[in-house]
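For reference, the structure is listed below as structure tokens.
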Amino acid sequence: MFITFEGLDFCGKSTQIQLLEQYLTAQGEKVLLTREPGGTEISEKVRSLLLDKKHLGMYSETEFLLFSSARAQLVREIIIPKLKAGYYVLSDRFHDSSAAYQGYGRGLDLSIINSVNNLAIGSAVPDITFFIDLPLDKLNERKLAKERNQLDRMELSGDDFYERVRNGYLELTEKTGRFELVDGTGTVQEIHSLIKKTVIKRREMILEKSGA
Ligand code: TYD
């Protein structure tokens, strides 16, 4: 199964992905955890270009194409081979981040984003995508806890941007069957058990469909 985690910065994705990894590993499953942008040597280099605060003059189109190039490499080098080898692949962000951040957030044409996303991901369509939703006041609370000079280029974006990104995610969640909406204000354990239940249920559905 291929499972992706989406949400605004500071929504708690990374904690949840690690908890799911621990759970699946304890069940005897093979699990690969990865993140976007990054996950391969080439993609990690692209990541540092993207997040570097020195690059405040980066155009939205450049930003989108860089995210896409990091993704194209990660999919072919890691994700597809691991899925073929029977791994659960868990990714901290994937192509929906480009729709939410570069499409809804930066205002790039969504149909172009979808076409380039399709090229970058090839056959690697997620089975489940968890959107961990966090209202803006909570995001700002968590942002304040981090020193301002520690924020990366994306995190320096203003409230209007994040509001558009959040609304974009909510729209994607409504429109796309593989999305699962998770209330990010719940406790870590509440969120983890909801995620676990959803994965178990979806796995049963997939097995039933395949006649296994
Ligand atoms: P990261 O430090 O991984 O943040 P987070 O823990 O929130 O995932 O930085 C990734 C940043 O890049 C984050 O602000 C979201 C943004 N992003 C996009 O704008 N588009 C994309 O396609 C992806 C994958 C990430």
Once the Cα gyration tensor of the stretch 25-123 is diagonalised, semi-axes √(5λ) in Å: 26, 15, 11
Given +1 on the Cβ of Lys and Arg, -1 on the Cβ of Asp and Glu, and no further charges, what dipole in debye does the chain carry about its Cα centre, rounded to the nearest 20? 520 debye
Rounded to the nearest 500 deg cm²/dmol, what is the calculated helix-only ellipticity per residue at 222 nm for the chain, with -39500 (n - 2.57) per DSSP H run of length n ≥ 4? -15500 deg cm²/dmol
Pair ASP109, LYS209: separation of 7 Å Cα→Cβ label points (nm): 3.1 nm
Cross-link reach from LYS175 to lysines, straight Cα distance under 21 Å and at least 8 residues apart if same chain, gives LYS201
Counting alpha carbon pairs within less than 8 Å and at least 6 residues apart, what relative contact order, in whole percent, applies to the chain? 31 percent
Return the subset of LYS13/LYS54; LYS45/LYS146; LYS45/LYS84; LYS30/LYS196; LYS143/LYS197 for which the Cα-Cα distance in this structure is over 22 Å, preserving the input order. LYS13/LYS54; LYS45/LYS146; LYS45/LYS84; LYS143/LYS197
For the stretch 84-212, what does the accessible surface come to per residue with a 1.4 Å probe? Please give it in Å². 52 Å²
Restricting attention to the stretch 121-203, which GluC sites (Glu not before Pro) occupy a DSSP loop and are surrounded by at most 13 other Cβ atoms within 10 Å? GLU147
List the trypsin sites (Lys or Arg not before Pro) within the stretch 1-66 that DSSP assigns to loop and that have no more than 12 neighbouring Cβ atoms inside 10 Å. LYS30
Could you tell me how far the Cα centroid of the stretch 159-174 sits from the Cα centroid of the stretch 34-56, in Å? 23 Å
Near LYS209, which aspartates and glutamates are there with a Cα under 16 Å away, not counting those fewer than 8 places off in the same chain? ASP127
So if I take the alpha carbon set of the chain, get Rg, then get Rh from the Kirkwood formula, what is the Rg over Rh ratio? 0.95
For the stretch 32-40, in order, what is each residue's ³J(HN,Hα) by Karplus, 6.51 cos²θ - 1.76 cosθ + 1.60 with θ = phi - 60°, in whole Hz (x at glycine and Pro)? 10, 10, 9, 9, 10, x, x, x, 9
For the chain, the percent of accessible surface on carbon and sulfur atoms (probe 1.4 angstrom, ligands and nucleic acids excluded) is 53 percent
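The values are calculated or read from the model by the stated rules, or taken from the named source; none is laboratory data. Owing to the predicted nature of the structure, the values given are computational and were not obtained by experimental measurement. For neighbour counting, all protein chains shown are included, and Cβ atoms are generated from backbone atoms with ideal geometry for every residue, glycine included. Side chains included, ligands, DNA and RNA excluded: accessible areas come from the protein's heavy atoms. Shrake-Rupley method; radii C 1.70, N 1.55, O 1.52, S 1.80 Å.
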